[in-house]
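See structure below.
None of the figures in this text is laboratory data; all of them are computed from the coordinates on show. The structure presented is a predicted model; accordingly, all values stated were derived computationally and were not measured. Note that each Cβ is placed from the backbone with ideal geometry, even for glycine, and that neighbours are counted across all protein chains shown.
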Amino acid sequence: MSLHGQPRYCLRCGTRMVRREEHGRLRATCPACGFIHYRNPVPAAGVILAGRQGVLMVKRAFDPEAGAWCLPAGFMEYGETPERCAVRELREETGIAARLTGLFGVYAGLDDPRARTVLILYTAERTGGRLKPGDDASDARYFALSRLPARIAFESHRRALAEHRARR
């Protein structure tokens with residue numbers, strides 16, 4: 001991969017890629033087999049789990065944004081549904097098991113340096129588990145909507161939390 005996330009060589013035939021205008025944009029294109037590399041957003045899913053204590057958030061253990069807080073969420077695995085991803089990420093990051101209760105919203109994530117994302121957030125109700133940070137979270141706790149942490153990792157999470165507060 002190059003610095004701009006574009007492959008230098010064709011993923012199909014190994015020929016050195018060139019930049020050509022394809023479908024209105026400059027894209028890495030193979031001059032030999034015609035393969036076009038589309039740099040598409042990465043899907044992610046997560047949960048807004050609200051309870052008497054507030055909304056559940058996790059503190060990021062790793063960059064980007066290590067030490068900042070966010071909603072329990074993460075990238076979808078190949079072959080995984082957004083719903084399954086949301087439940088898995090919640091369990092991995094917080095120890096909490098939950099049942100999804102609805103779609104909360106879909107957000108364009110433009111400030112993660114790893115990739116542009118499409119964040120799909122669900123509402124959920126707790127069904128079990130014990131609150132304990134895990135996976136890539138160094139802490140997990142509930143926050144009152146009126147007393148959210150000062151440092152929230154991503155704009156899409158900040159927008160979702162503001163919308164959640166407005167809907168209450």
- prompt: About the Cα centre of the chain, what is the dipole size in debye to 20, counting +1 per Lys and Arg Cβ and -1 per Asp and Glu Cβ, all else neutral?
  reply: 220 debye
- request: State which stretch of the chain is the longest one without any exposed GluC sites (Glu not before Pro), exposure meaning a DSSP loop state and at most 15 other Cβ atoms within 10 Å.
  value: 81-168
- prompt: Roughly speaking, what is the stretch gain from Ala32 to Ala115, that is 0.36 nm per residue apart minus the C-alpha to C-alpha distance, in nm to one decimal?
  reply: 27.1 nm
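So what is the 222 nm mean residue ellipticity for the chain from helices alone, if each DSSP H run of at least 4 adds -39500 (n - 2.57) and you divide by all residues, rounding to the nearest 500 deg cm²/dmol? List each step's numbers first, then the result.
Working: 2 runs with 26 residues, N = 168.
So the calculated ellipticity at 222 nm is -5000 deg cm²/dmol.
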Candidates per trypsin sites (Lys or Arg not before Pro) in the range 7-115, loop by DSSP, up to 16 other Cβ within 10 Å: Arg8, Arg12, Arg39, Arg52, Arg114
Karplus-derived HN-Hα couplings along the range 74-89 (A = 6.51, B = -1.76, C = 1.60, θ = phi - 60°), whole Hz, x at Gly and Pro: x, 6, 6, 8, 4, x, 9, 7, x, 4, 5, 4, 4, 5, 4, 4
query: D for the range 79-147, whole µm²/s, Stokes-Einstein with Kirkwood Rh over alpha-carbon pairs at 20 °C and 1.002 mPa s: what number?
result: 160 µm²/s
message: On a full-extension model of 0.36 nm per residue, what is the gain between Arg52 and Ser138, subtracting their alpha-carbon distance, rounded to one decimal in nm?
response: 28.7 nm
message: Using amide H atoms built in the peptide plane, which far-off residues or other-chain residues are under 5 Å from Ala68 H to H?
response: Arg60
query: Which whole-number percent gives the relative contact order of the range 1-91, counting Cα pairs below 8 Å spaced six or more residues apart?
result: 20 percent
message: Among Ala32, Leu110, Tyr78, which residue has its Cα furthest toward the positive end of the charge dipole of the chain, with +1 on Lys/Arg Cβ and -1 on Asp/Glu Cβ?
response: Leu110
- request: Please list, in chain and number order, the residues 5+ apart from Gly105 or on another chain whose amide H is under 5 Å from its amide H, with Hs placed from the backbone.
  value: Leu121
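Over the range 50-168, what relative contact order in percent results from Cα pairs under 8 Å that are six or more residues apart?
32 percent
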- prompt: What is the P(r) of the chain, as percent of Cα-Cα pairs per 10 Å bin from 0?
  reply: 10, 34, 28, 15, 11, 2, 0
statement: Going residue by residue through the range 12-20, the Karplus relation 6.51 cos²θ - 1.76 cosθ + 1.60 with θ = phi - 60° gives ³J(HN,Hα) values, rounded to whole Hz and with x marking Gly or Pro, of 8, 10, x, 5, 5, 6, 10, 9, 10
message: Show me, for the range 121-136, the HN-Hα J-couplings you get by feeding each phi into the Karplus relation (A = 6.51, B = -1.76, C = 1.60, θ = phi - 60°), rounded to Hz, glycine and proline as x.
response: 10, 10, 8, 8, 10, 5, 10, x, x, 10, 5, 7, x, x, 6, 9
